[in-house]
Amino acid sequence: MTTPIPSQHILVVDDEPTVRDALKMLLTFDGHTIKLANDGPSALKKLSAHKFDVVFTDLKMHGL
């Protein structure tokens with residue numbers, strides 16, 4: 001029997017809208033709180049304003 005993961009605050013950073021939306025849908029379905037960023041500078045702004053437990057990011061980001 002597996003133990004469920006508690007709800008996490010997650011930042012998803014990707015320049016592809018379909019990737020961002022798919023991850024948001026899947027992670028929200030599992031009960032997590034999701035914030036989205038479409039580039040490096042907006043991700044850094046969100047990171048300075050909020051505390052996140054997990055960050056999913058594209059390795060090749062515009063602006064960084």
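Things worth noting here:
- To the nearest ten degrees, helix 17-29 and the longest principal axis of the Cα atoms of the chain are 20 degrees apart.
- Once both labels are positioned 7 Å from their Cα atoms along Cα-to-Cβ, the gap between K45 and T33 label points is 2.0 nm.
- In Å², nearest 10: area of T2 left accessible to a 1.4 Å probe: 120 Å²
- Count of lysine pairs in the chain with Cα separation under 12 Å (8 or more residues apart, or interchain): 4
- Column: log10 I(q)/I(0), Debye, Cα scatterers of the chain, q = 0.18, 0.25 Å⁻¹: -0.62, -1.06
- Overall, the accessible surface of the chain at a probe of 1.4 angstrom is composed of carbon and sulfur to the extent of 62 percent.
- Degrees between helix 40-49 axis and first principal axis of the chain (Cα, 0 to 90, nearest 10): 60 degrees
- Residue of L23, L36, L47 that the Gaussian network model of the chain assigns the largest fluctuation, springs spanning Cα pairs under 10 Å: L47
- Placing unit charges on the Cβ atoms of the charged side chains and taking the dipole of the stretch 1-57 about its Cα centre, the candidate lying farthest along the positive direction among I34, A49, L23 is A49.
The values are calculated or read from the model by the stated rules, or taken from the named source; none is laboratory data. Please read all numbers here as calculations on a predicted model, not as lab measurements. Note that each Cβ is placed from the backbone with ideal geometry, even for glycine, and that neighbours are counted across all protein chains shown. All accessible areas refer to the heavy atoms of the entire protein, side chains included, with ligands and DNA or RNA removed. Shrake-Rupley method; radii C 1.70, N 1.55, O 1.52, S 1.80 Å.
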